[in-house]
Amino acid sequence: MSEIPARASESEDPSDGARGGSAGAYSADTSAVRAATAAGFGGLMDGADGAEGEAAFGDTLWQSSPPGSIYDYIRVASFSIGPDGLVDQWSLRAEQIFGIPADRAVGMDPIEAFIDPDLRERGQRKMAEILDGREWTGVVPFRLPDPVPGGGRGEQGLAEVYVMPTRSIDGEKAAVCIVVDVRTLRSIETDLAASQAIFGQSPFGFLLIDPDLRVRRANERFSSVFGGTPDDHRGRGVYDYLSRPEAERVSAIMRRVLRTGDSITDMHVTGFVPGSDERRHWSINLYRVQSGSGRPIGIAWLGTDITARRAAAREAAAARRNLALLNEAGARIGNSLDLETTARELLDVVVPGFCDLATVDLYQGLLAGDETPPGLADGSAELRRVAFSSAVSDEPFAGTGEPVAVGAVHHFPFNSPCADALRTARPQHIPGEEGGLVQSTLAIPMVAHDTVVGLAQFSRTKGSEPFGDRDRDLAVELAARAAVCIDNARLYRREHERALILQRSLLPPGDPVASGLDIACRYLPGNVSSGRPSEVGGDWFDVIELPGHRTALVVGDVMGRGLRAAVAMGELRTAVRTLALLDLEPAEVLSALDEIARGLGTPGGVQQATRAARRPREADLSEVYLATCVYAVYDSVTRRITFANAGHLPPVLVEPGEPALMLDVPPGMPLGVGGEPFEEVEVDLPEGALLALYTDGLVESRDHPLDEGLQAFVGALTDPAAPLEDVCDHVLNTLDTHHGEDDIALLMARVQGLPVDSVGDWTLPREPRSVGRAREYARGRLLSWGLEPLVDTTELLVSELVTNALRYGEGEIRLRLLLDQTLVCEVWDAGLVQPRRRRARDTDEGGRGLQLVGLLSAAWGSRRTPRGKTVWFELPLPDGDTQLADPAEALLSLF
């Protein structure tokens, strides 16, 4: 081992070899000890809380050191050496450092016990000098004695030793030694250097605050923000940096940290830096600093500027809020095809989540159906306020100028920002008026399909955050979405009105008139009872007059809603009327309708639909038109009605004195399905019976099953003898809670058959004399009815029809005269060949009979019967306004 490094005291001779050796090597260690000691004393003097052990001595205050002083960190021990050079006192700290108890250490030779053998000679010389009265300070390598004698060499160490000469009680020379463990000093030095590096080089603002909440130390980063040098901040408090409310809050939190020891992380503090009006935000971490014994000695403050992070967080929050607002707008706007409802949905989204006041104005001309209202291009056209919403006031608000009430028609001045927004289709920012409630307004044109349909205004009141560029972009997007929905609603309203016109034009005008029937009908579009806009459906009814004072009653329902269903209904209704005029049987009419329904959705018509039906996998079900229909033909002479049903609800019959009942009519398959024949059912109706045909909207609802609705309908027909109009109103009022979602068609008929004396019926043999008899029968019956003006014409036409029956027909001939609103003459025979009208040449002797019938009658025709055919003609009854054709003139006109 090298020689013992030592540093002589100022009283020593510097030429002494022991004193002068390696003094520079130790200087750093010694300075570290003294600096630490000075710091410890300084901390003790500044941080003392009580007056324990105080004694006034001039201006200096002496007090006892509380626990946790610097000596708790620096390992310092002391022992004394007697005149004989042996240890005669051994302190407790010496026991802790060297690990040797006092009973063993006392009487030891320290040179022999702690110094390596090759340094003992020099150690003995130093000991002699010390006992001779010299002080000595130096760094001495040592080894600890073996705890177990004979166990080997002990632990190696390095100690700084300070030896002070003294005398014993007997006056003999002795020495007191103070020993410090150099390894502990170096550890403290390293810790101090590390703490200084962390504190000084930290990129965060770092403060050490004493228990009085005063800055003890500040780092360069903190001072670079708040100005000055780190020493300039010593002794300041939080009130020197923060506003009073903020400082009070932070001070309370710091006292709690000092009291409880609970750390605070990410506490947000707001303030200003010197020389700037910009509000800054910091994230502060606080934790209590305490000594090795646990005594609180202050608070560590670690702060970082989060102003940019807060701004980014606000931007992110605003972006999330805007996305949520757009998502809400997509879910809530456009759920209704009503203009006002769609505008209100937009305002429900933006108020109060986006603005405090909002209005929607739409062009009045577009609302009225005019595609290009005057002034639309320059923004000066009239607008109607359709919606308004406010989170702060119930008064209508126009953004600028006088308030406008909802529903009022107005226009913006030509030079106003709102008119400019409409004219240019660009958003405008309108500052609030001085002293007004509103601080800023966004005027956003509502553009749909490159067409401006109106203007939306969003306003924020004083105290709200002003509109920014992001807000403007969001407002444009919201207005664009609403504009598309409003434009769709406008187009739907236009098409809906046209469809309603089409639909109502296809219904019978007023109350139809039928022979032998008293008719009353009702038609209600869907949602009328709920007050919502009606949607066009496919329900229809019809009353068709047939030859022979017969009447066809039709009620049908095309499945689905909208214009498509209305158009299909119109086509089917037209087809029904056409087929009815052919005088086909009810089952044949429905079979032909089924073919037509299958051809409606197919470009190639019925044939293509039939081929597609044979390949169901290739059929496009979206183009299939399905409909239900009940078709009935009533004969006023026999009071018999024939039903054929295609998937429709059964008719209801009420006979006089009997409860209402549903007729057992085979339901059949709906029209458009195809492949199934339809059945016919004949029912004899007594005089005064009530018949009701209806669609499912009257009895079906999502609130109750169909059977319940049918029973309610049957139960409502309690007074069939009442006037039919009253019966219809009673039924609708009774079932008011059971309908509203679908269209309602109700057709009611009371039976009033032809009286017996209004019918003339004769059977004629198949012989030439039957022509004369037919004229005689017709003349006699017309005279009995008081129809003498019709006798000549009737005789002529009857003779023509009977002659044709004899010439071209088969079997017996039947003549029938029917008197009701008109006079009808029918000639029946068993032949199947239908008469055909043709134009005779001047040289032809015949072929003019049917031409004559056509000239003299109001209408004529032929129809098939189960046993042949019937040829008929109809004459109007004579009155003051009817001019009957002259038979002679009609005959001459044929040549």
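The values are calculated or read from the model by the stated rules, or taken from the named source; none is laboratory data. As the structure is a computational prediction, the values presented were derived from the model and not from experiment. Quick reminder, even Gly has a Cβ in these numbers, built from the backbone with ideal geometry, and neighbours come from all protein chains shown.
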* Quickly run through segment 285-308 and pick out the residues that are touching a Phe, Trp or Tyr at 6+ places or on another chain (Cβ under 7 Å), farther than 11 Å from VAL257 by Cβ, among the hydrophobic types (A, V, I, L, M, F, W, C) and part of a strand (DSSP E or B). => LEU302
* Asked: What is the residue count in segment 257-294 for residues that are surrounded by 14 or more Cβ atoms within 10 Å (Cβ to Cβ) and among the basic types (Lys, Arg)?
  -> 2
* How do the pairs read when you match residues in segment 314-325 that are surrounded by 11 or more Cβ atoms within 10 Å (Cβ to Cβ) with residues anywhere that are of a type in the set (Phe, Trp, Tyr), using Cβ under 9 Å and keeping only pairs 6 or more apart or on different chains? -> ARG321/PHE354; ASN322/PHE354; LEU325/PHE354
* Output the residue which, of all residues in segment 664-680 that are hydrophobic (A, V, I, L, M, F, W, C) and closer than 11 Å to ALA592 by Cα, is surrounded by the fewest Cβ atoms within 10 Å (Cβ to Cβ). => PHE678
* To do: Report, by residue number, each residue of segment 541-591 that is touching an Asp or Glu at 6+ places or on another chain (Cβ under 9 Å) and of a type in the set (Lys, Arg).
  => ARG550, ARG561, ARG573, ARG577
* Asked: surrounded by fewer than 17 Cβ atoms within 10 Å (Cβ to Cβ), more than 47 Å from the chain's Cα centre (by Cα) and in contact (Cβ under 8 Å) with a residue 40 or more places away in the chain - does that describe any residue in segment 229-247?
  -> no
* Assuming PRO145 fulfils every condition listed in (1) more than 30 Å from LEU302 (Cα to Cα); (2) touching a helix residue (DSSP H, G or I) at 6+ places or on another chain (Cβ under 8 Å); (3) at pLDDT 75 or above; (4) not in a strand (DSSP E or B) apart from one, which condition is it? -> (3)
* To do: Just need a number here: residues in segment 111-133 that are surrounded by 17 or more Cβ atoms within 10 Å (Cβ to Cβ) and either in contact with a Phe, Trp or Tyr (Cβ under 8 Å, 6 or more places away or on another chain) or of a type in the set (A, V, I, L, M, F, W, C) (or both).
  => 10
* Asked: Among the candidates THR737, THR718, which residue alone is modelled with pLDDT under 85, out of contact with any helix residue (DSSP H, G or I) (no Cβ under 6 Å at 6 or more places or on another chain) and part of a helix (DSSP H, G or I)?
  -> THR737
* Of everything in segment 578-629 that's at pLDDT 65 or above and of a type in the set (Val, Ile, Thr), which residue is surrounded by the fewest Cβ atoms within 10 Å (Cβ to Cβ)? -> THR578
* Asked: Which one of these is among the aliphatic types (A, V, I, L, M) and under 19 Å from TYR287 (Cβ atoms): LEU208, LEU192, LEU185?
  -> LEU208
* Assuming PRO274 fulfils every condition listed in (1) under 20 Å from ARG221 (Cβ atoms); (2) at pLDDT 90 or above apart from one, which condition is it? -> (2)
